[in-house]
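What follows is a set of notes on a single structure, which appears directly below.
Nothing in this text is a laboratory measurement; each read-out follows from the coordinates by a stated rule. Predicted model only: the values in this text are computed from it and were never measured. FYI the Cβ positions are ideal-geometry reconstructions off the backbone, even for glycines, and counts take in every protein chain you see.
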């Protein structure tokens, strides 16, 4: 059983929409988010630099001995036509992260968006005192959370509850 979970809600989109990856570091002993943030593609001049920022985040969290939990990329039938001519940048980023986990000996676990979003609504996260609702928005500490960061929290809580063996 791992104490720390580094959870990622990745968007590898660089050329196809300038994505944002949400992340959080979750402590399974206290059931609290202890660090969180986003990595925004728009801040980087090259796709590979955006990808490297994800690896730098992993480096920055090395001292925690974490399991990396990441949203897996699934091409759902109802979204398939939206992806015509896509270069599938998000699955490429996930592959980079998966290989780095393999190279570094970091445990990696994949979860689908649908399993996590259906189970962990914002109301449940508020009830569990992981986030607060203010002004129709969701917050942690004194910071507004992006949807991507909220989704990373969902992934962390889901894995801590059902997968952390």
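Side notes on the structure shown:
- Available extension along the chain between residue 134 and residue 104 is 6.8 nm, counting 0.36 nm per residue and deducting the alpha carbon span.
- Centroid-to-centroid separation of region 16-48 and region 86-165 [C-alpha atoms, Å]: 9 Å
- Extending 7 Å from the Cα toward the beta-carbon at both residue 127 and residue 161 defines two label points whose distance is 0.9 nm.
- Highest GNM mean-square fluctuation among 18, 43, 117, for the chain modelled with Cα contacts below 10 Å: 43.
- Net lengthening on full extension, residue 113/residue 60 (0.36 nm per residue, minus Cα-Cα): 16.5 nm
- Most mobile listed residue (44, 110, 36) in the chain, GNM with C-alpha springs under 10 Å: 44
- Each of residue 144 and residue 45 was given a label point 7 Å from its Cα along the Cα-to-Cβ line. The distance between the two points is 3.0 nm.
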